[in-house]
Amino acid sequence: MQAIIDACKQGDLEAKTSVVISNNSGSGAIERAKREGIPYHHLSNVTHSQPEELDRAIKETLEKYETNLVILSGYMKMLGPQALTRYRGRILNVHPALLPKFGGKGMYGRLVHEAVLAADERVSGVTIHIVDDEYDCGPIVAQCKVPVLDSDMVESLMRRVQAREREFFVETLQRISRDQIKL
């Protein structure tokens, strides 16, 4: 998230971070939004006990801030049907592997890198995909490769993939903003 905010502030990305929504009231995303002066909202099953209410609150918050593109950067929950319908084809997620491998429910963070190493893969990478109603199944927008080194442990592979994620998400958003990638 910070890489995207920084790219917007520096003029490297012709976009504006309109709002940050987090399902965790103590998240780093909310702290960053506060520091950057970006509107933020904690919306979760704590603030909205019914899934339909939460879904509506997310959709209405995005609409209130005239959001055009939704970026799931660290947001780990499935979005509901109202938000998915309203922003169909305009919700992007980043995944720390080359989908369709090592994706799906329960495949996130460290678990992905463990699975890549256990499968003795020589290449991992970053996938940016459109979000739909299944985990990591939406159309792939862009991918880049990150080599798996013989010396890699989970932490070292994770650090390299995360570093590339930050750059690659900004690069992909630049390509979208220049109409080089059509959503």
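Residues are listed down the side, and each one gets a yes or a no for (1) touching a residue at least 60 places away in the same chain (Cβ under 8 Å); (2) part of a helix (DSSP H, G or I):
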{"site": "133", "(1), (2)": "no, no"}
{"site": "137", "(1), (2)": "no, no"}
{"site": "156", "(1), (2)": "no, yes"}
{"site": "165", "(1), (2)": "yes, yes"}
{"site": "169", "(1), (2)": "yes, yes"}
{"site": "176", "(1), (2)": "yes, yes"}
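No other residue among 69, 111, 99 is surrounded by fewer than 18 Cβ atoms within 10 Å (Cβ to Cβ), closer than 21 Å to residue 153 by Cα and at pLDDT 95 or above apart from 111. Do we have residue 121 as in a helix (DSSP H, G or I) and out of contact with any Ser or Thr (no Cβ under 9 Å at 6 or more places or on another chain) here? Considered against the rule, which asks whether it is in a helix (DSSP H, G or I) and out of contact with any Ser or Thr (no Cβ under 9 Å at 6 or more places or on another chain), residue 121 comes out as no. Note on segment 72-83: among residues that are surrounded by fewer than 19 Cβ atoms within 10 Å (Cβ to Cβ) and under 17 Å from the mean Cα position of the chain (by Cα), the one that is modelled with the highest pLDDT is 80.
The set of residues in segment 161-173 that are surrounded by fewer than 17 Cβ atoms within 10 Å (Cβ to Cβ) and either among the polar types (S, T, N, Q) or more than 15 Å from the chain's Cα centre (by Cα) (or both) contains only 162.
Residue-wise test of (1) surrounded by fewer than 20 Cβ atoms within 10 Å (Cβ to Cβ); (2) assigned by TED's automatic domain parsing to the domain that holds residue 118; (3) within 27 Å of residue 154 (Cα to Cα).
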site	(1), (2), (3)
3	yes, no, yes
10	yes, no, no
13	no, no, no
20	no, no, no
23	yes, no, yes
37	yes, no, no
57	yes, no, no
64	yes, no, no
106	yes, yes, yes
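Checked against the criterion of being among the basic types (Lys, Arg) and in contact with a Leu (Cβ under 8 Å, 6 or more places away or on another chain), the candidates 56, 86, 35, 110 yield just one match: 86. Scanning segment 10-37 for residues that are assigned to a loop (DSSP other than H, G, I, E, B), in contact (Cβ under 8 Å) with a residue 40 or more places away in the chain and not small (Gly, Ala, Ser) returns 12, 13, 14, 19, 23.
The values are calculated or read from the model by the stated rules, or taken from the named source; none is laboratory data. Quick caveat, the model's predicted, so the values are computed rather than measured. Here Cβ is always computed from backbone atoms with ideal geometry, including for glycine, and neighbour counts include all displayed protein chains.
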